[in-house]
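Student: Below is the structure I would like to discuss, written out as structure tokens.
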């Protein structure tokens, strides 16, 4: 069994990259072979490039990839997906921490047993509190409510994020891109991420695409820790990028009002 990881970096601090790199190695079950693809989406950051080159030279498991320009989150991961030779490919955000090797072992075992093509574990914040990142397929209403806060249509908002179902295995049509375990063959078959999305909604799109090939599941038997930063709520540029991605998503999958 072989596992591959891909991590898209954008001006990521070197100490954060090193932390994740060591975390992946430390939590890799001994019975698996593995590759780690590190994609530098900030090619002008020569300090980061030099560090990644050094990692590749010193560790045969590491593959350093650098596009000529930043074409987005999905395009970065696709560089690795196209050349990955593994049974399962794990898409990892730089701010993820894997708690132990059991997490990887359980996720792979679950996917093997159930013929799952895409899977999210339980995702916790650094305080070990649940992050409700698994969602129903988005509608215009649901995405609009995400921008107005928690005060309006509370019941609908709780439904959208599977408010009460995080201790149960269940199928989902909108999994979080912060940590996705994918059947590599199926992921390659669908062409990876749709590169029309620069950032945001690409994980919802990929879940829906993969769901056409098999089960896309939430599995609470394993967890990872995610230091989540909601950039789309923090800047005008982030909000505009999010709105543009929403338009592309609904153009592709239909403008469902609710």
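Student: Looking only at region 19-65, count how many residues are part of a helix (DSSP H, G or I), more than 24 Å from residue 85 (Cα to Cα) and in contact with a helix residue (DSSP H, G or I) (Cβ under 8 Å, 6 or more places away or on another chain).
Tutor: Number satisfying all stated conditions: 3.
Student: Considering (1) without any contact (Cβ under 8 Å) to a residue 60 or more places away in the chain; (2) within 28 Å of residue 126 (Cα to Cα); (3) not in a loop (DSSP other than H, G, I, E, B), say which one residue 164 fails and leave the rest.
Tutor: (3)
For every residue, the table says whether it meets (1) crowded, with 18+ Cβ neighbours inside 10 Å; (2) within 14 Å of the chain's Cα centre (by Cα); (3) in contact (Cβ under 8 Å) with a residue 60 or more places away in the chain.
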site	(1), (2), (3)
40	yes, no, no
53	no, no, no
56	no, no, no
111	yes, no, yes
122	yes, yes, yes
128	no, no, yes
138	yes, no, yes
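Student: Right, another one. Using the structure shown, decide if residue 7 is part of a helix (DSSP H, G or I), closer than 21 Å to residue 84 by Cβ and modelled with pLDDT of 95 or more.
Tutor: Against the criterion (part of a helix (DSSP H, G or I), closer than 21 Å to residue 84 by Cβ and modelled with pLDDT of 95 or more), residue 7 does not qualify.
Student: While we're here: So in region 64-98, with the set limited to residues that are under 17 Å from the mean Cα position of the chain (by Cα) and closer than 18 Å to residue 30 by Cα, which one is surrounded by the most Cβ atoms within 10 Å (Cβ to Cβ)?
Tutor: 89
Student: Continuing with this model, one more query. For residue 181, all conditions in the list (1) farther than 23 Å from residue 115 by Cα; (2) touching a helix residue (DSSP H, G or I) at 6+ places or on another chain (Cβ under 6 Å); (3) not in a loop (DSSP other than H, G, I, E, B) hold save one; what is the number of the exception?
Tutor: Unmet for residue 181, out of (1) farther than 23 Å from residue 115 by Cα; (2) touching a helix residue (DSSP H, G or I) at 6+ places or on another chain (Cβ under 6 Å); (3) not in a loop (DSSP other than H, G, I, E, B): (1).
Student: Against the condition in contact with a strand residue (DSSP E or B) (Cβ under 8 Å, 6 or more places away or on another chain) and within 19 Å of residue 182 (Cα to Cα), how does residue 115 come out, does it pass?
Tutor: When the stated conditions are applied, residue 115 passes them.
Student: Would you pick out the residues in region 245-258 that are at pLDDT below 95 and either closer than 22 Å to residue 206 by Cβ or under 20 Å from the mean Cα position of the chain (by Cα) (or both)?
Tutor: Residue satisfying the conditions is 256 alone.
The values are calculated or read from the model by the stated rules, or taken from the named source; none is laboratory data. Here the structure is a predicted model, which is why all the values come from computation and not from measurement. Neighbour counts are summed over all protein chains in view; Cβ atoms, including those assigned to glycine, are modelled from backbone coordinates with ideal geometry.
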